[in-house]
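To start, the structure under review is shown below, and the notes come after it.
The values are calculated or read from the model by the stated rules, or taken from the named source; none is laboratory data. Note that this is a predicted model, so its numbers are computed, not measured. Backbone-built Cβ (ideal geometry, glycine too); neighbour counts: all protein chains shown. Just so you know, the surface numbers come from the protein's heavy atoms only, side chains and all, with ligands and any DNA or RNA stripped out. Shrake-Rupley method; radii C 1.70, N 1.55, O 1.52, S 1.80 Å.
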Amino acid sequence: SIVLNLGLLFFFKYLLFFSDNIISLANLFGLEWNSPALNIILPLGISFYTFQTMSYTIDVYRRHQKPIKDFSLYGCYVTFFPQLVAGPILRASEVVDQLVTKKKFTLDMLQDGLKRILYGLFLKVVLADNIAPLVDDGFSIEAMQYGGLDVWTLAFLFGFQIYFDFAGYSHIAIGCARLMGIDFPENFNFPYAARSFRDFWRRWHISLSSWIRDYLYLPLTGARMMNTISSSEGGLGQELNTDGRKRSKDTALFLTWGIMGLWHGANWTFVLWGLYHSTMIYAERQLQKLWTKLNIRWNKRIGWMVTLSLAMLGWIPFRAQSLNDALIMFGKAFNPFTYLQLTMRENVYLITALITVSVILTYEIDRIGRKLKSENSLAFIPLHVMKYTTIMLLVYIFFRPISQFIYFQF
C-alpha cells in the first residue's frame, strides 16, 4: 500500500523534477541526454489524500486503527470534499466514526459552520487577495536589485499572504464540514504568536506537522510507537518518550525537513525552505542545552520577536523564483550596507508595518475577548452581530472569483 501510494506520488509529482536533475548532472560530465517528452497532469489533491491513505495503512499496521470493512466508508474518508485539495490532513480515527454516526441537524451546526466559512472568506478575499498584488510586484524585481529592507518587507508580506490564504481555506473547510455535523481538527492557532520554532510548528499547519512527526520523524529516530496516537499539538521536533532503540535525532530532523520541503513542491527552493527550518530547530535545541547549563531563562517577548522575524524570513525560498534568487535575497537580508537601497514604492513598507501591528493587536484582542466572554457572554452578542455583518459586507465588496488558493498548487 505504501509503495503504491508513494509510487503514484513520485510519478505524477516528481518524475520530471528528478529526470531533469539527472540529465543536467549527466550533461556536466559530457553525456548528452534529452529530457523525456512527457506532459504529466497532476491529479487533484494527490499530496493530501496520499498522506491520508498512508496514515490509515500505518495506523492499522500499528493497531491504532481498526480496519474499515465498508469500502464506501473508506472512500468517503479519503475523498471527503471540504479538505480534499488543501487540508487539514485527516486521520481515520478523527472522522470515520463521525461519518458513520447519523447526526441530527441543529441550529448550532448551521451557526458555527457559517461563521467559520465567513471568517475564512474574509481572510482569503479581503486580506490575502489584496496583499497578493504587492507580493507579486515585489518578487518580479530582479533579485540583485533588492536592498536589505526590501527583502524583509517582502518576507513579511508573503508570510501574511500565505497565512491568511491557507488559514482562510482551513476555516472554510472546517465550516463546511461543521454544516454536515463533522468536526475537523484545527489547523492553525495564531502561529505568528509563537515564541520558538517548535512552538511555531505546533501552531502552523498542525495536521501536517503532527503527521510528519508521527509517521516520519519519530520512526527515523528509531522510536517504537506506543498504542496511542500522539497529540497533534506536539509539533515537529518535539521530544517524545517512546520505547525502542534511538538513532540520531539531529540526523532525523534534517532528513525529515528535507523531505517535508520536497513534499511542498518539486523544486530545490522548497528543500532549502525545509532545511532552513530544521536548522532553526536544531539551533534552538543547542541553545536550550546551553541555557540550562548556565541557568539562564529566555525572555518570552524576545523569543517571540526573534521567532517572528526568522520565521518570516524563512518564507523567502518558498516564494522565490529560483534557488539562486533565494540565496541572493538571504545575503541581502543580512547585509546592513544595502538597507538604504529601496526599490519598491514607499506605501509598501507602510502597509507591511500596519499589517504587522494589526496582526499583533488582533491576537491580543482575541486573547482578552475570550477571557471576558467566559465571564459575560451576553454582553458580546451585539459585538458579534456587528463583527459578522462587517465581514459579510467586506467579503461581498472584495470578492473576486479568479483568485485560487495558494496551497492548491501543492
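Worth pointing out:
- Per this entry, residue 104 is counted among residues that are open to solvent by 80 Å² or more (accessible area, probe 1.4 Å) and of a type outside the set (A, V, I, L, M).
- Residue 278 more than 21 Å from residue 208 (Cα to Cα), out of contact with any His (no Cβ under 9 Å at 6 or more places or on another chain) and surrounded by 11 or more Cβ atoms within 10 Å (Cβ to Cβ): no
- Here the condition is being at pLDDT below 90 and closer than 25 Å to residue 136 by Cβ; of 345, 370, it holds for 345 alone.
- Among the residues making up the range 1-44, those that are open to solvent by 60 Å² or more (accessible area, probe 1.4 Å) and closer than 30 Å to residue 61 by Cβ are 1, 2, 3, 4, 6, 8, 10, 11, 12, 18, 42, 44.
- When residues of the range 289-308 are limited to those that are open to solvent by 40 Å² or more (accessible area, probe 1.4 Å) and modelled with pLDDT of 90 or more, the one farthest from residue 355 (Cα to Cα): 302
- Restricting attention to the range 309-336, the residues that are under 18 Å from residue 149 (Cβ atoms) and open to solvent by 70 Å² or more (accessible area, probe 1.4 Å) add up to 2.
- Selection status of residue 72, of a type outside the set (A, V, I, L, M), more than 25 Å from residue 218 (Cβ to Cβ) and at pLDDT below 90: no
- Residue within the range 325-341 that is closer than 21 Å to residue 193 by Cα and part of a helix (DSSP H, G or I) present: no
- Take the conditions (1) at pLDDT 95 or above; (2) of a type in the set (A, V, I, L, M, F, W, C); (3) open to solvent by 10 Å² or more (accessible area, probe 1.4 Å); residue 200 misses just one of them, which is (3).
- You will find that of 174, 162, the residue that is within 27 Å of residue 383 (Cα to Cα), modelled with pLDDT of 95 or more and among the hydrophobic types (A, V, I, L, M, F, W, C) is 174 and no other.
- Count of residues meeting criterion [modelled with pLDDT of 85 or more and in a helix (DSSP H, G or I)] in the range 25-48: 5
- The listed residue being of a type outside the set (Asp, Glu), assigned to a helix (DSSP H, G or I) and open to solvent by 60 Å² or more (accessible area, probe 1.4 Å), out of 114, 73: 114
Here is a yes/no grid of residues against (1) part of a helix (DSSP H, G or I); (2) small (Gly, Ala, Ser); (3) in contact with a helix residue (DSSP H, G or I) (Cβ under 7 Å, 6 or more places away or on another chain):
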{"site": "124", "(1), (2), (3)": "yes, no, yes"}
{"site": "141", "(1), (2), (3)": "no, no, no"}
{"site": "160", "(1), (2), (3)": "yes, no, yes"}
{"site": "165", "(1), (2), (3)": "yes, no, yes"}
{"site": "168", "(1), (2), (3)": "yes, yes, yes"}
{"site": "178", "(1), (2), (3)": "yes, no, yes"}
{"site": "181", "(1), (2), (3)": "no, yes, yes"}
{"site": "184", "(1), (2), (3)": "no, no, yes"}
{"site": "187", "(1), (2), (3)": "no, no, yes"}
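- Selection status of residue 273, crowded, with 16+ Cβ neighbours inside 10 Å and either in a helix (DSSP H, G or I) or touching a residue at least 40 places away in the same chain (Cβ under 8 Å) (or both): yes
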